[in-house]
1. When the residues of region 23-42 are filtered to those that are in contact with a helix residue (DSSP H, G or I) (Cβ under 7 Å, 6 or more places away or on another chain) and not in a helix (DSSP H, G or I), which remaining residue is farthest from Glu174 (Cα to Cα)?
2. Do we have Thr222 as among the β-branched types (Val, Ile, Thr), within 26 Å of Ser185 (Cβ to Cβ) and out of contact with any Lys or Arg (no Cβ under 7 Å at 6 or more places or on another chain) here?
3. For region 50-66, give me each residue that is within 23 Å of Ser289 (Cβ to Cβ) and at pLDDT below 80.
4. Which members of region 240-297 meet the condition of being under 16 Å from Leu218 (Cα atoms) and either surrounded by fewer than 21 Cβ atoms within 10 Å (Cβ to Cβ) or among the basic types (Lys, Arg) (or both)?
5. Under the condition of being among the β-branched types (Val, Ile, Thr) and closer than 19 Å to Gly173 by Cα, which residue from region 50-74 is surrounded by the fewest Cβ atoms within 10 Å (Cβ to Cβ)?
6. Mind checking which residues of region 216-258 are among the charged types (D, E, K, R), outside any loop (DSSP other than H, G, I, E, B) and either outside the structural domain of Val206 (by TED's automatic domain parsing) or more than 22 Å from the chain's Cα centre (by Cα) (or both)?
7. Select from region 160-178 the residues that are outside any loop (DSSP other than H, G, I, E, B) and of a type outside the set (Val, Ile, Thr) and write down the one among them that is farthest from Phe245 (Cα to Cα).
8. Out of everything in region 92-146 that is acidic (Asp, Glu) and more than 30 Å from Glu217 (Cβ to Cβ), what residue ends up being modelled with the highest pLDDT?
Amino acid sequence: MQCGCLKVKNILVVSTDPFWATRLKSQFGEVAPGVRILIVDNLMAAYATSEELQPSAVIIEQGFTDIPEFETMKTLFHELKSVCVYVGEKGSAKTSAGPRVFRKSDTAASYVSWIKEAKNATHKKRPKDSSKSNKDSKIIIIGSSTGGVDALSTILKRFPADCPPTVIVQHTGEDFGGGLIDLLSRLCPARVVAAQNGLVLESGLVCIAAGYRQHLELSSGTPLRARLTEGPPVSGHVPSVDKVFLSARPIASRVVAAVLTGMGRDGAEGLLALRRAGAATFVQDERSSVVYGMPRAAWQLGAAQRQVPLVRMA
């Protein structure tokens, strides 16, 4: 079976089993000549290679899908329109991480067949965003954790280029903070930047704290600025969603705050304080949340005025 009709140039293999990966590469040389097979053994290398070469497909051992940072990887693969193929000890028709799990004993021809089928099913155009510009003085503050990469991608795609200043705290591993900024920059019409001490928060700017060892807070002066501070974990996290929410109480009347999908209860107390101070407050609803822990904690505490499906959050 040839791969020419797939327009496949690069296939990335992510595996800690060099014998299997090398054997698979050899098989691809027989059934899909001309396709370049790239092999890496860790997620950081997979991310860098994917950004540079934009593989048509990614074949990844299922153990990598259990690593929290894989969430960022999965979103990147989606945006690059890379078909993601999972490999485990036991094959299955469906999996929580993807549509199908292959076995290592499956042949390269099986992978080619699945990649062809998947690519033929994923060429649907997305509707253009019709959001109107928001030029008022509102400040948007968002907190998210597990499942937050996909949630933030969905929301930020719908933001206009001149959106209100937006501040986000996303729980993630240190090594993936920069990758998350790069990924969301691809998707959001507004300018997406990493949080910096003293950064002026202005219209058309999305400021994200992810993978930091410092808390993100808002200054109380004019113009409004981001502030990075040292300190112990708050609600178990650095940076903490509670910390940024609590810092925004002096300007609560201008704040629209939301807690998205995530494990634990970071953000619940801070969101309650903001609501009591006059902010508009929301949480992502259970049906659209990957993990309903953080939204549930805030909702049960009375911190949110409404529960909102992810597709309506923007």
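The values are calculated or read from the model by the stated rules, or taken from the named source; none is laboratory data. The model shown is predicted, which means the values in this text are computed figures rather than measured ones. Cβ sites come from the backbone with ideal geometry, for glycine too, and all protein chains shown count toward neighbours.
1. Ala32
2. Values: among the β-branched types (Val, Ile, Thr): yes; within 26 Å of Ser185 (Cβ to Cβ): no; out of contact with any Lys or Arg (no Cβ under 7 Å at 6 or more places or on another chain): yes.
Answer is no for this residue.
3. Passing the criteria: only Asp66.
4. Passing the criteria: Lys243, Leu246, Arg249, Pro250, Ile251, Ala252, Ser253, Arg254, Val256, Ala273, Ala277.
5. Residue satisfying both the conditions and the ranking: Ile67.
6. Residues of region 216-258 that are among the charged types (D, E, K, R), as a first pass: 217, 225, 227, 230, 242-243, 249, 254.
From what's left, outside any loop (DSSP other than H, G, I, E, B): 217, 225, 227, 242-243, 249, 254.
Correct list: Arg225, Arg227, Arg249, Arg254.
7. Taking the candidates together, the pick is Asp175.
8. First, the residues of region 92-146 that are acidic (Asp, Glu): 106, 117, 129, 136.
Filter again for more than 30 Å from Glu217 (Cβ to Cβ), leaving 106, 117, 129.
Working: Asp106: 88, Glu117: 80, Asp129: 42.
Selected residue: Asp106.
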